[in-house]
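Every read-out reported here was derived from the displayed coordinates using simple, explicitly stated rules and does not represent laboratory data. Values in this document were obtained by computation on a predicted structure and should not be read as measured data. All Cβ positions, even for glycine, are placed from backbone atoms using ideal geometry, and neighbour counts span all protein chains on display.
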Amino acid sequence: MSHAQETARRRTFAIISHPDAGKTTITEKLLLFGGAIQMAGAVRARRAGRHAASDFIEIEKQRGISVSTAVMSFEHQGCAVNLLDTPGHEDFSEDTYRVLTAVDSALMVLDSAKGVEARTLALMEVCRMRDTPVMTYCNKFDRESMDPFELMDSIEKQLGIQTAPMTWPIGMGKDFQGVYDLVNRAVVFYQDAQKGRKNDVVALAPEDPALDEWIGPEAAAKLRSELELLEGASPPFDPESYRRGKQTPVFFGSAINNFGVKELLDCFVRFAPAPQPRATATRYVEPDEPTFTGFVFKIQANLDPSHRDRMAFVRIVSGEYNRGMKLRHVRSGRDMAINNATTFLARDRTVTEQAFPGDIIGLHNHGAIRIGDTFTEGEDLKFTGIPSFAPELFRRARLLDPLKSKSLVKGLEQLAEEGAAQLYRPIDGQDYLLGALGSLQFDVIQSRLQNEYNVRAIFEQVPYQAARWLFSDDQEALDKFIATNRDRVYRDLADNPTFIANTEWAMNYAASQNPKIRFLKTMEIQ
Ligand code: G4P
């Protein structure tokens, strides 16, 4: 197959949802369809959304699971699908945002009884910022759900995206009979105890009198009137507006019963975008360019903690990867021969021989690679758009064993490089600060310090609430601000000066008094 064909058949996406909506369940069904797993239950262990902190750390300890499910690849109808996992727990939302920079589209899964929930809303905002195309799956129709029109309405109003139903539910809960496939004009049966008709597809136009026999006259009348209403209320699916992130095709089903998932997957491989161009600081990179480019969106500790080996996940943007090729790590300017890049199949990891745009390869690394780094075959490029967020929670790490201070710094630096938290070095003194968006991040770091670095530390509360990166075109003004606020200015891992304040109010005041300095809450990783 040519490079262009290989690229065109790639579909790289992530699932966004609120915990408990059914992400794990649908992931499993997708993998089953793709033949990547043979047995339901394989992905279950990964479900982290509803776990308490202690459970989550336990899961983190079993790092084998999280590394190998970070990317799940499978084939469907000739397409090579890469599903990128996102952490379930909202305390790790920063990780999720970064994963969303590495996909070309997303699948939103809703619990149909609950509609749009808080975390879905936050994640959809990120998708909208980037105009990421989104497909929607309304799950759990085997239970009492919101009225489907209400559901559409809440998606449109709360998420600001037009809906285009692709299927339409016939009943719900106990009376759930299946869906009407609007594209193929057919009833897809959920189940029929007597006839065992699950997933049977019967082509029937809505006006066909036989519909009454198949689903009962009452359900048929209701469906007819709903479809009529729909025709007036909803524009038809428009692949162009979907690809521009303006319209979301909507499917109904019950993931746990493996219902409605196939229709979704068929439509997904047909319409979801192939690998897209990506912006760099200097130009756009098109996927069909012949030379390799890619960026790191995630770093994760490797399977074996004793090795301190970490894996950098690189999204390929252009060209192709072939085993043994030399890649330039642009930030350091070093060329590296890559012999052992890893690709991911649902549960197994294999050495990559070849990979194409849209694919994710894992590079082993001992600390030289950071999130946001670019790899090329020599060109001096820097991919942009990988965000870092100013933390809102702060702790000071205090050692329980004072002789371990070197290990503590090393551990904290490495964990911060993985993106587990922000690490701040004071301009004067030794008091490292940690910053995070969710408190679970501190728990995970504390437990990993102990397990992987043999360092026992506690994290003390500190009276800080806000951090901002400081930038200015006026170096003199910046230097002066830093000099007069030495006790409040820290350096982050990349050496960027960061102002840390006791309160949001104090932060805003400082910003208003120093108009020549930009106080940044979000930043592209340098
Ligand atoms: P998540 O990853 O988004 O957090 O959700 P997950 O798939 O784990 O699903 C959350 C709960 O919802 C699970 O139930 C799961 O079985 C259930 N569920 C998923 N899809 C459907 C569906 O289509 N219909 C119904 N009725 N339930 C569904 P649980 O009882 O919390 O866990 P478990 O005991 O099943 O493991």
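Data table
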read-out: For the stretch 132-269, with +1 on Lys and Arg beta carbons and -1 on Asp and Glu, the positive-most of Ala203, Tyr180, Thr163 along the dipole; value: Thr163
read-out: Alpha-carbon centroid distance for the pair the stretch 442-480 / the stretch 107-183, whole angstrom; value: 39 Å
read-out: Full-extension gain in nm, Phe149 to Tyr284, via 0.36 nm per residue minus C-alpha separation; value: 44.5 nm
read-out: Separation in nanometres of the label points that stand 7 Å from Cα toward Cβ, at Glu117 and Arg224; value: 3.9 nm
read-out: The stretch 425-504, dipole about Cα centre (Lys/Arg Cβ +1, Asp/Glu Cβ -1), debye to the nearest 20; value: 240 debye
read-out: Mean separation of Cα contacts under 8 Å, 6 or more apart, over the residue count of the chain: relative contact order %; value: 14 percent
read-out: Calculated Rg and Dmax of the stretch 152-255 using C-alpha coordinates, Å; value: 14.4, 45
read-out: Restraint check, Lys23/Lys246; Lys23/Lys198; Lys23/Lys222; Lys23/Lys157, Cα-Cα greater than 27 Å; value: Lys23/Lys222
read-out: Extension reserve of the Ser332-Glu413 stretch, reckoned as 0.36 nm per residue once the Cα distance is removed; value: 27.4 nm
read-out: Computed E for Asp473/Ala506 - FRET, C-beta separation, R0 22 angstrom, nearest 0.05; value: 0.35
read-out: Sites matching trypsin sites (Lys or Arg not before Pro) across the stretch 128-167 that sit in DSSP coil, with at most 16 neighbouring C-beta atoms within 10 Å; value: Arg130, Arg143
read-out: nm² value of the averaged projected area, convex hull over the Cα atoms of the chain; value: 26.0 nm²
